[in-house]
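Novice: Starting off with a structure, shown below.
Bear in mind that the values in this text are calculations on the coordinates, not laboratory data. Note that the structure is a prediction, hence the values are computed from the model and not measured. Heads up, the Cβs are rebuilt from the backbone with ideal geometry, glycines too, and the neighbour counts pull from every protein chain shown.
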Amino acid sequence: MTFFHYSRKNSRAVDEGPVGPPTMGDSEDKVGEEEEETGVLGDESPAEEEEDILIEEEQKDPLEVALQRAEAAEKEVAYRDATIATLRRNAASERSEAMTSGAMRVARRFVGTVENLERALASLPEDTSENVRLGIERVLEKFLQDLEIEGIKRITTTGNTFDPMKHEAVMTVPPTDEAPAGTIVGETEAGWMYGDKVLRAARVAVASDIAA
């Protein structure tokens, strides 16, 4: 049986179809519509998610937020300070190496001058004036004193134990009671130190059972 009713808006009959219990098809359509509505409501837009995050941050304790920001800033400052300190150490190390290298070149030149004076003094003729000889000796002595003040000095050799870091063995002699194996018994060329660095190793003769 079909019923009609009149709409007040358009004053025309509307066919509502037969009245009766809902069919299986009607139930499925209704469930589908509910699922679609639920799915649409469950998906939030990026703007809504951002708004939720802002609301969540606003709900945090202001003191806790301030402490977190201070901790982050402190870590960033510490990282920058560490980076700057590393750069400064590297720069200082490079400057130190450059200065040491330059100082060693100058020291070698002074050592060469000292050795030239020593050779000149040793090669003076026998009839050389005593005043001339004494003058050269005094200049040489003063030069050696100034070098020692600057950290430049000879490497000790004869009577000391052979040190491969400072001495170069150019010959060996059989050991004796007075000079056991490993003892330096003579020097063929002086060696020099600049602080704790070797300018030139001393060339020496060493008591040893093994030939050099």
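Novice: Which FRET efficiency, nearest 0.05, do Leu134 and Ala103 yield, Cβ-Cβ r, R0 25 Å?
Specialist: After rounding, the FRET efficiency stands at 0.20.
Novice: In nm, to one decimal, how far is the Ile149 label point from the Thr176 one, both placed 7 Å along Cα→Cβ?
Specialist: 4.1
Novice: Once phi is turned into θ = phi - 60°, what whole-Hz ³J(HN,Hα) does the Karplus curve with 6.51, -1.76 and 1.60 give for every residue of region 172-183, x standing for Gly and Pro?
Specialist: 10, 10, x, x, 9, 5, 6, 10, x, 4, x, 8
Novice: Further, regarding this structure: Taking amide H positions as placed in the peptide plane 1.01 Å from N, state which residues far from Tyr194 in sequence (5 or more) or on other chains have amide H under 5 Å from it.
Specialist: Amide H neighbours of Tyr194, under 5 Å, 5+ apart: Leu199.
Novice: Rg(Cα) of region 152-212 divided by 2.2 N^0.38 Å?
Specialist: 1.07
Novice: Could you give the length gained on full extension between Ala92 and Thr156, defined as 0.36 nm per residue of separation minus the Cα-Cα distance, in nm?
Specialist: Fully extending the segment from Ala92 to Thr156 adds 19.8 nm.
Novice: Right, here's the next one. Given a Förster distance of 45 angstrom, what is the FRET efficiency for Thr83 paired with Leu121, based on the Cβ-Cβ distance and rounded to 0.05?
Specialist: So the FRET efficiency works out to roughly 0.20.
Novice: Calculate I(q)/I(0) for region 61-150 by the Debye formula, one identical point scatterer on each C-alpha and no solvent, and give its log10 at q = 0.16, 0.19 Å⁻¹ to two decimals.
Specialist: Listed by q, the Debye log ratios stand at -0.81, -0.93.
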